[in-house]
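Every number here is computed from the coordinates shown, using simple stated rules; none is lab data. Quick caveat: nothing in here was measured; it's all calculated off a predicted structure. Cβ: placed from backbone, ideal geometry, glycine included. Neighbour counts: every protein chain shown.
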Amino acid sequence: MTIQLQIVDCRRVAGATGLRIQGRPFDGRHCRAIADRLRGVALLEVVLALAVFFGVAVTILSGLSVCMHAVTQVREEAQAADLGVTVLSQVQMGVLDAADAGPTPFEDPFGDWTWQTTVAAVEATVPGLEMTQIEITVKNMLDGYSFRLYGLLPPPEEATVAQPSDTDGAGGTP
């Protein structure tokens, strides 16, 4: 015979079944003790669940923090490289002089960044292949990040006077 119990009222169940705990009859004191233990177990489960939740949350947030720092660093490196290549291109095109220049701020929206050029002659091992080395330093003034870019420039060409050409197509002398 199986007894299926639904604990609705401990006292009524104890009286109906004649239960005994540790050789003593089951009474109301035991009901309170069991209920208190069940409440304690439920509280312990809630505390453990919160501890696990907060542990996972802290782990995820620290991982996100590391990712955000890495993204910021990569963005800053890319921006510095782009600004350095821009200055080098301007020097190669002749917009800027290939000479030593002190820290010069970029125009807005890059007002936090400065650039500086240092020029040095490179000794040629083959006569006629003299080159000029240019070092471009790009620096972020807010956080002190610095990026260096090196390039080689050919020697400045001699200024030549342009000779007029025959544009009328006659090919003769005037």
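Each of GLU76 and MET131 was given a label point 7 Å from its Cα along the Cα-to-Cβ line. The distance between the two points is 3.1 nm. Counting 0.36 nm for each residue step from CYS67 to TYR145 and taking away their Cα separation leaves a gain of 26.2 nm.
Could you tell me the calculated FRET efficiency between PHE110 and ILE60, based on Cβ-Cβ distance and R0 = 35 angstrom, to the nearest 0.05?
Numbers: r = 34 Å, r/R0 = 0.98.
The formula returns an efficiency of 0.55 here.
A crude spin-label estimate for the pair ALA121 and THR86, with each label 7 Å from Cα along the Cβ direction, gives 3.3 nm.
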